[in-house]
Structures are given as C-alpha cells and as structure tokens.
C-alpha cells in the first residue's frame with residue numbers, strides 16, 4: 001500500500017525537492033521494554049522499533065537503529081552521530097530549548113515499581129527516606145533529583161532501566177520510577193515486583209531532532225500524524241501495551257502545526273494531517 005503523507009510537500013519545498021538522504025541513523029535505549037528490548041538473535045524489538053520501521057517504509061528510506069544507553073543518546077544527536085532520536089523522550093521546556101521536537105505520539109505518566117512485599121504507596125511523601133533507582137540521564141532522573149529536598153528520598157542512577165528494576169529486586173533500592181508503559185511491562189515480566197504510585201504528569205513523548213532540521217522533523221512528523229489517523233498507532237499500542245489508547249490521547253490525536261504546541265520550536269501552520 002502506498003501512502004501520500006500530508007505535510008511531506010512542505011518538507012520537500014524546504015529541502016529542495018527530495019529528502020536530504022536515503023539513509024538515516026537513529027538511536028534508542030535498547031533496554032527500555034516494551035519500547036525497545038533485545039531479541040534472541042541479537043537484534044532489538046518493541047513499540048518504538050516498529051514505529052521506526054513504519055516511518056522508514058512509508059518514506060522509502062533506510063533507517064539504521066542504534067541501541068545504546070539513554071544517557072548518551074541526546075549528546076550523540078547534538079554531535080551528529082544520530083540524525084534523530086526514536087527513543088521515547090519526554091518533551092520538557094528544558095529539552096525543547098536545546099532540541100527540535102516532533103509532536104507527541106504517546107502520553108507518559110511516571111509510575112513507581114516496588115518489591116512485591118513492599119508497602120502500598122498512595123502519596124509521594126511516603127517515599128521519604130527511601131532509595132529510588134532511576135535510569136541515568138532520563139527525565140525520571142532529573143525529576144526525582146529535583147524533588148530530593150522536598151520528598152527526602154535518595155536517588156541512585158543506573159545505566160539502564162533494567163538495572164534499576166534489578167536494584168529493587170536485590171534490595172539495593174526501595175523503588176524505581178519510569179514511564180507507566182515501561183513499569184507495567186516490567187511488573188508483568190518480573191516476578192517479585194509490583195506497580196506502585198502513579199504520578200500524573202500531563203507530558204508526552206516525542207522525537208528529538210537537531211535545531212535547524214525543521215524539514216526532516218516535518219517529514220517524519222507527517223508520517224506520525226498519518227499513523228494516528230489510519231489506526232497504525234493504535235494497532236502498535238494494542239500489540240505492545242495490551243490496551244487501546246485513550247480517546248483524545250496523543251496516540252490518536254494529531255497536533256496542529258509542527259512540533260508540540262506550547263514548546264519552543266513549535267511552528268504553527270494550516271496543513272491538514274492525513275494520508276491517502
């Protein structure tokens with residue numbers, strides 16, 4: 001099936017009539033299940049892997065996916081090692097000041113995971129005095145450290161989300177925190193842990209690009225918008241998370257313009273999202 005991506009015309013006009021390259025290198029955290037995780041044959045699979053492959057197919061380009069630790073991904077983008085980032089990346093004002101973001105494609109709340117025999121937590125203040133494991137360089141790392149004085153918890157950073165979960169299992173940490181989809185998967189796959197407190201953020205995950213790459217951002221975002229409208233995003237959501245996306249959520253609802261409204265780098269225009 002061939003797709004004509006709405007918005008691609010804008011990108012081509014800016015870029016001079018064709019995509020700048022026919023091969024792109026992108027990065028994600030290969031241990032951030034179920035968004036990306038190792039396969040038995042040494043590859044990687046997950047929601048964001050499938051999402052990236054659909055983008056490549058619809059644009060008719062080759063996209064090489066590099067799996068690495070999250071802490072090195074955004075610096076690698078700035079250094080030119082990667083063309084853009086397909087790891088789930090929370091859009092924040094601080095990040096938007098340094099990177100160009102696509103519109104959000106998934107909502108993300110923060111979910112805690114504790115040992116199965118751990119206490120039931122209904123308020124952040126109940127974590128006072130506890131050790132919280134986080135994935136180094138992630139938004140959960142910076143968020144938790146920013147609250148350390150207020151909550152009174154101790155933050156310990158680990159190279160991967162998997163290491164953070166293992167820290168809880170081994171008793172080196174009392175809890176870990178990450179995106180709700182990641183924690184739900186970890187709880188399902190890991191005996192001895194359970195889901196705990198859910199912190200609602202109102203934030204979304206988007207794809208970071210380098211400043212100045214508006215044409216590439218618009219081209220990729222147009223595919224994301226198409227996937228929201230034609231049911232592909234919902235299909236991937238059911239495949240990897242086991243649920244339908246909520247009505248009105250970022251997985252179903254294209255944003256106006258280019259980028260995420262309300263953040264630096266957003267460009268307002270009147271293009272009509274869709275695909276034919």
Restricting attention to segment 48-63, does a residue exist that is in contact with a strand residue (DSSP E or B) (Cβ under 7 Å, 6 or more places away or on another chain) and under 25 Å from residue 147 (Cβ atoms)?
-> no
Counting only residues in segment 37-63 that are part of a loop (DSSP other than H, G, I, E, B) and touching a helix residue (DSSP H, G or I) at 6+ places or on another chain (Cβ under 9 Å), the one farthest from residue 180 (Cα to Cα) is identified as 61
Picked from segment 233-269 (must be in contact with a helix residue (DSSP H, G or I) (Cβ under 6 Å, 6 or more places away or on another chain) and not in a loop (DSSP other than H, G, I, E, B)), the residue modelled with the lowest pLDDT is 241
The residue that is surrounded by the most Cβ atoms within 10 Å (Cβ to Cβ), considering only those in segment 186-201 that are touching a strand residue (DSSP E or B) at 6+ places or on another chain (Cβ under 8 Å) and assigned to a helix (DSSP H, G or I), is 186
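Looking at residue 117, is it assigned by TED's automatic domain parsing to the domain that holds residue 165, free of Cβ contacts under 8 Å to residues at least 12 places away in the same chain and within 23 Å of residue 182 (Cα to Cα)? Step through it out loud before you land on a result.
On the way: assigned by TED's automatic domain parsing to the domain that holds residue 165: yes; free of Cβ contacts under 8 Å to residues at least 12 places away in the same chain: yes; within 23 Å of residue 182 (Cα to Cα): yes.
Here the answer is yes, as residue 117 does meet what is asked.
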Item to check | So residue 66, is it part of a strand (DSSP E or B) and assigned by TED's automatic domain parsing to the domain that holds residue 139 | outcome: no
Every listed condition ((1) surrounded by fewer than 17 Cβ atoms within 10 Å (Cβ to Cβ); (2) assigned to a loop (DSSP other than H, G, I, E, B)) holds for residue 34 save (1)
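The values are calculated or read from the model by the stated rules, or taken from the named source; none is laboratory data. It should be emphasised that the depicted structure is a prediction, and the values quoted were computed from it without experimental measurement. As a convention, Cβ positions derive from the backbone with ideal geometry for all residues, glycine included, and neighbour counts pool all protein chains shown.
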